[in-house]
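Since every read-out is calculated from the coordinates, none of them should be taken as a lab result. Nothing here was measured: the structure is a model prediction, and the numbers come from that model. FYI the Cβ positions are ideal-geometry reconstructions off the backbone, even for glycines, and counts take in every protein chain you see.
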Amino acid sequence: MPLAHNLNKVTKNLSKSTGQMHVKGRKFKQLNRATLRDQKITAKKLKHQEQKDRELASVQFMKDSVNDHADQEVFLLEQMKAFIEEYIGRHDEELKELKEQRRPGRPATSRQLQLEVVIENEKQVYATGFKIPDLSNKETVERLKLWNGTSGGTTVMKFIHVSKDMNELPVKEEVMKDN
């Protein structure tokens, strides 16, 4: 099994050789495999970064919502659901404005289509379980208030998945240990 080299290493090794590469040659195939590998890794990194950015945006929104209710130390499930629904509806005004500006019979703008896809995706995630900081935990709420906005700062927070049809919060581990 050949070693998987990154694209820079392969191009460096191939530049040392003299002459042209043949389309069916070993060196050409090696360069092609390295290029495809590099594209695949880059696409994975980009997808992961976009997902991380979406998660951080939702955590930032939760932080702003918690700071608006600074007098509360913990939040109930209904309040967390209200925060999530407010987060999902953050584009509603812009979407409504874009629909009003469009002349009848004209296709939707690319921004309108993009917003509709984002909203529909977030609604689907909310139906299955939206990942947010556990606002029923006093320690997590305090850490969220002090959060600096980086992804490293979220590692000390406790997260839960809240879905639209959820009636009660998941059982806490501390309660289970006492029994």
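Listed values, structure above:
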{"read-out": "Translational D in µm²/s for region 59-179 (Stokes-Einstein at 4 °C, 1.567 mPa s, Kirkwood Rh from C-alpha pairs)", "value": "79"}
{"read-out": "Cα coordinate range in region 1-133, projected on the principal axes (Å, largest first)", "value": "71, 49, 24"}
{"read-out": "Debye, to nearest 20: dipole size of region 7-162, +1 on Lys, Arg Cβ, -1 on Asp, Glu Cβ", "value": "2200"}
{"read-out": "With Cα atoms, 0 to 90° folded angle of helix 77-88 axis to the chain main axis", "value": "50"}
{"read-out": "The chain: angle of helix 110-128 to the longest principal axis, Cα-based, in degrees nearest 10", "value": "60"}
{"read-out": "Relative contact order [Cα under 8 Å, 6+ residues apart], region 7-162, whole percent", "value": "24"}
{"read-out": "Helix-derived mean residue ellipticity, 222 nm - over the chain, DSSP H n ≥ 4, -39500 (n - 2.57), to 500", "value": "-20000 deg cm²/dmol"}
{"read-out": "Over 23 Å (Cα to Cα) - which of K16/K44; K81/K131; K40/K123; K63/K164; K16/K47 fall in this group", "value": "K16/K44; K40/K123; K16/K47"}
{"read-out": "Gap separating the Cα centres of region 76-117 and region 37-55, nearest whole Å", "value": "26"}
{"read-out": "Neighbourhood net charge (9 Å Cβ-Cβ; Lys/Arg +1, Asp/Glu -1) for E73", "value": "-1"}
{"read-out": "Local electrostatic count, K52, Cβ distance below 15 Å [Lys/Arg +1, Asp/Glu -1]", "value": "+2"}
